[in-house]
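What follows is a set of notes on a single structure, which appears directly below.
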Amino acid sequence: MNLTELNKIATAMVAPGKGILAADESSGTIKKRFDAIGVESTEDNRRDYREMLFRSRDAMSQHISGVILYDETIWQNAKDGTPLIKLIEESGAIPGIKVDEGTQALPMCQGELVTVGLDKLAERLKKYYERGARFAKWRAVIDIGGGIPSMTAISVNAHALARYAALCQAAQIVPIVEPEVLMDGDHDIDRCFEVTSRVLNKTFQELRVQRVALEGMVLKPNMAVSGKKCAKQASVAEVAEKTVRLLKACVPAAVPGIAFLSGGQSDEDATAHLDAMNRLGPLPWGLTFSYGRALQAAPQKAWSGRADNVAAGQRAFSHRARMNGLASQGKWDSSLEKKAA
Ligand code: 5MM
């Protein structure tokens with residue numbers, strides 16, 4: 001393992017003004033997204049949609065540091081035969097790959113999940129590296145509810161995240177470690193804070209046990225937010241203050257960067273929260289975005305599967321990428337949203 005090189009890539013992934021496009025929806029998830037805009041989820045439509053994003057010159061070269069791909073996409077070619085991964089490289093962004101294989105029910109822990117995909121992971125990583133991937137992603141899912149999460153679920157998921165991260169670094173690939181505490185449910189922000197801190201503490205404990213070099217990874221956590229169905233929704237200032245406090249307590253300064261998931265927040269909330277956190281600096285790590293829905297909902301709607309909407313889809317994507325790029329530096333302002341509208 002060349003740690004200097006891993007650190008260089010991890011640092012580039014969280015460079016000021018830039019963040020990560022999570023375009024790694026599995027077949028089931030992209031179908032759900034396409035259903036919502038009335039587009040059939042065929043291989044060609046998935047290709048056309050992602051090609052539209054990767055050919056958005058402004059967004060890709062100025063605000064996107066890296067793209068997380070799904071297995072299908074990393075092997076796919078654009079309409080003119082150029083590999084999609086080449087489009088990403090040519091824009092100056094770093095290609096990455098989702099390597100987990102989804103979740104399974106966790107035995108003895110009703111309603112809880114464990115992420116799978118460790119079997120043959122070393123072989124798969126080797127192929128992805130040869131294809132050009134320089135970072136990877138693995139997502140663990142932790143739900144909050146009556147009596148959950150159990151320590152069992154937190155522990156097995158942290159163990160798998162660390163196993164994955166160590167295998168990545170051995171393959172000279174930067175691991176994005178994503179332990180997602182879901183925002184579904186009616187819990188308040190303090191319960192989210194408490195569960196997330198247990199999850200992060202256990203995750204870093206496992207990373208240490210398994211000798212993962214913290215300088216060569218990126219953390220992708222949820223923010224401390226109120227559950228979607230909670231009657232009292234925390235303000236932007238409270239989310240920012242509590243999330244930064246939580247991260248300072250749980251994330252070692254050796255980690256080069258933290259790139260948040262949006263987790264179902266509205267586009268503007270995800271941007272406002274990131275911006276408010278960066279205004280609380282100086283912080284020990286780069287703090288940016290690795291959004292899926294909060295970057296793609298607008299371009300998906302604008303595109304709606306029509307070739308004559310490609311320019312509109314690219315404009316919508318560029319706008320969200322620019323807003324989040326500003327938020328990653330604490331330079332966003334809600335008036336910029338209104339101007340664009
Ligand atoms: C893009 O969605 C990712 C893959 O989800 P599935 O494996 O369920 O298809 C997801 O892991 C994503 O990278 C993160 O959750 C961040 O996306 P959001 O939408 O939460 O910002």
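No value in this document is a laboratory result; all are computed from the given coordinates. All values reported here derive from a predicted model rather than from experimental measurement. Every residue, glycine as well, gets a Cβ built from its backbone with ideal geometry; the counts of neighbours run over all protein chains shown.
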Out of residues 5 or more away from Ile97 or on other chains, whose amide H comes under 5 Å of its own, with H placed 1.01 Å from N in the peptide plane?
Leu69, Phe135, Ala136, Lys137
Considering only DSSP states other than H, G, I, E and B, which chymotrypsin sites (Phe, Trp or Tyr not before Pro) in region 292-341 qualify as loop sites with at most 13 other Cβ atoms within 10 Å?
none
Near Lys331, which aspartates and glutamates are there with a Cα under 20 Å away, not counting those fewer than 8 places off in the same chain?
Asp58, Glu238, Glu241, Asp267, Glu268, Asp269, Asp275
Pairs Lys137/Lys229; Lys79/Lys339; Lys220/Lys248; Lys8/Lys86; Lys242/Lys339: which exceed 24 Å Cα-Cα?
Lys137/Lys229; Lys79/Lys339; Lys242/Lys339
Between Gly102 and residues 5 or more places away or on another chain, the pairs with built amide H atoms under 5 Å apart involve Val116
Arranged by the count of other C-beta atoms within 10 angstrom, fewest first, what order do Val255, Val225 take?
Val255, Val225
Straight-line reach from Lys126: which aspartates and glutamates fall under 20 Å, measuring Cα to Cα and dropping same-chain residues less than 8 apart?
Glu5, Asp24, Asp71, Glu72, Glu89, Asp100, Glu101
Cα gyration tensor, region 1-120 - rounded (a/c under 1.5), prolate or oblate
oblate
Here region 249-261 yields Karplus 3J(HN,Hα) values (6.51, -1.76, 1.60; θ = phi - 60°; whole Hz; Gly and Pro given as x) of 6, 10, 10, x, 5, 5, 6, x, x, 10, 10, 6, 8
Add +1 for every Lys or Arg and -1 for every Asp or Glu among the other residues with Cβ under 12 Å from the Cβ of Thr82, and state the total.
0
Pop out the ³J(HN,Hα) list for region 159-167 in order, Karplus 6.51 cos²θ - 1.76 cosθ + 1.60 with θ = phi - 60°, rounded to Hz; leave Gly and Pro as x.
4, 5, 4, 6, 4, 4, 5, 5, 5
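Can you tell me the equivalent ellipsoid semi-axes for region 265-327? Use √(5λ) from the Cα gyration tensor, largest first, whole Å.
27, 10, 8
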Net charge near Glu241 (other residues with Cβ under 13 Å of its Cβ; Lys, Arg +1; Asp, Glu -1) is +2
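Enumerate by residue number the trypsin sites (Lys or Arg not before Pro) in region 140-236 meeting two conditions: DSSP loop (anything except H, G, I, E, B), and at most 14 other Cβ atoms within 10 Å of the site's Cβ.
Arg211, Lys229, Lys232
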Estimated dipole of region 122-196 in Debye, rounded to 20 [Cβ of Lys and Arg +1, of Asp and Glu -1, Cα centre]
760 debye
Which value, in Å to one decimal place, does the Kirkwood hydrodynamic radius take for the chain when every pair of different Cα atoms is included?
20.0 Å
Per DSSP, the loop-located trypsin sites (Lys or Arg not before Pro) within region 20-124 having at most 12 other beta carbons within 10 Å are Lys79, Lys120
Near Ser328, within a Cβ-to-Cβ distance under 13 Å, what is the net charge of the other residues, with Lys and Arg +1 and Asp and Glu -1?
+4
Amide H contacts under 5 Å for Ala23, placed H, 5+ residues apart:
Ile68
Can you give me the C-alpha center-to-center distance between region 47-88 and region 92-171, rounded to a whole angstrom?
23 Å
